[in-house]
Amino acid sequence: MPSHNLAKLRIDDLEIIGYSVAAEETVIALPQLDVCFDIGKGPDQVISINNVLLSHGHIDHCAGIAYYLSHRNFSGQRPGTVLAPEYMIRPIQQITDAWGVLDGTKVPANLVGVQVGDEYPIKPNLFARVFPTKHSRGSVGYTIIEKRKKLKGEYSKLTGPQIVELKKQGVTIDYPVEIPIVTYLGDTQYADFGQLDYVANSKILITECTFYEDEHRERAEVGRHLHVEELAKLARQMSNEHIIITHVTHRTSLAAAKKILKNVLDKRDADKIIFLMGRVKS
Ligand SMILES: [Zn+2]
Ligand SMILES: [Zn+2]
């Protein structure tokens with residue numbers, strides 16, 4: 001029996017599983033892309049995913065990191081790769097080593113400190129790009145981008161054998177294109193993320209929207225989280241096909257949050273919204 005009852009949703013053929021409630025736990029995985037954004041308390045269902053991308057050091061987002069690494073070792077899997085802002089690497093190593101002492105084994109880990117602008121390979125045709133968010137010191141978000149090659153316009157009418165012939169002659173017939181598949185903003189307050197074209201054009205945007213009620217504006221400001229009014233502003237700059245909302249406060253019911261969001265967002269944007277935790281089946 002799995003340790004967690006996770007939300008499950010599918011966008012085209014991409015499966016997204018996870019759990020996210022503000023101050024409680026946040027973990028969102030896309031198994032086909034082999035990435036897990038934040039690790040929450042380390043649910044069983046994400047342990048076999050090879051790449052964990054941490055956004056910041058708050059405990060609700062990364063309490064389970066040592067369990068993730070240790071359990072992979074215990075079950076004979078290769079060491080997990082953990083991408084995290086540079087400042088987090090030493091404490092994660094210390095926590096993991098301390099658990100190794102308590103557990104009587106050395107826990108292997110591939111810890112990678114990332115900086116804004118870095119690109120890290122996930123699969124041969126897939127990489128993660130790192131960008132800054134506005135939440136806690138050094139907090140970051142990630143976009144998973146697919147690299148493809150596209151045939152240059154002037155060759156688009158050629159037949160297969162003609163293309164093979166040109167390739168033989170050493171002619172470059174294609175050019176590289178980047179397809180941003182999914183962006184994870186982690187925790188953040190408003191910033192003009194629309195300026196980053198790979199964020200604005202990601203097919204899927206996973207963003208927090210913690211607060212909804214008018215009297216929660218100050219909480220959003222203090223905790224550096226998004227209030228629904230700011231989400232509306234953010235969504236207007238975006239061209240994403242789908243927006244997945246995470247990190248809703250337990251102070252507002254999901255039903256109330258959905259209702260408020262529908263009133264505040266432009267219809268075009270409200271129609272793109274999926275609440276992650278609306279997809280938990282008990
Ligand atoms: Zn959080
Ligand atoms: Zn946080």
Check: Does the stretch 76-92 include one or more residues that are touching a Gly at 6+ places or on another chain (Cβ under 7 Å), outside any helix (DSSP H, G or I) and at pLDDT below 95?
Finding: no
Over the stretch 179-192, the set of residues away from ligand 2 (no atom under 16 Å from the Cβ) and either buried (at least 24 other Cβ atoms within 10 Å of the Cβ) or under 21 Å from residue 36 (Cα atoms) (or both) is 179, 180, 181, 182, 183
Residues in the stretch 49-108 that are away from ligand 1 (no atom under 16 Å from the Cβ) and more than 13 Å from residue 27 (Cα to Cα) total 40
Taking first residues from the stretch 165-192 that are free of Cβ contacts under 8 Å to residues at least 60 places away in the same chain and farther than 29 Å from residue 18 by Cβ and second residues anywhere that are away from ligand 2 (no atom under 15 Å from the Cβ) and in a loop (DSSP other than H, G, I, E, B), the pairs with Cβ under 7 Å that are 6 or more apart or on different chains are 166/173; 167/173; 173/152; 174/152; 175/152
Considering residues that are closer than 30 Å to residue 30 by Cα and either loosely packed, with under 10 Cβ neighbours inside 10 Å or among the hydrophobic types (A, V, I, L, M, F, W, C) (or both), the number found within the stretch 152-178 is 2
Within the stretch 197-218, restricting to residues that are under 17 Å from residue 246 (Cβ atoms) and in a helix (DSSP H, G or I), the one that is nearest to the chain's Cα centre (by Cα) is 199
Residue hits (the stretch 42-84; under 26 Å from residue 134 (Cα atoms), over 16 Å from the mean Cα position of the chain (by Cα) and not hydrophobic (A, V, I, L, M, F, W, C)) are 64
For the stretch 2-55, the count of residues that are assigned to a loop (DSSP other than H, G, I, E, B), free of Cβ contacts under 8 Å to residues at least 60 places away in the same chain, within 21 Å of residue 245 (Cβ to Cβ) and not small (Gly, Ala, Ser) equals 6
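The values are calculated or read from the model by the stated rules, or taken from the named source; none is laboratory data. Just so you know, these numbers come straight off a predicted model, no measurement behind them. Ideal geometry is used to build each Cβ from the backbone, glycine not excepted, and the neighbour counts take in all protein chains shown.
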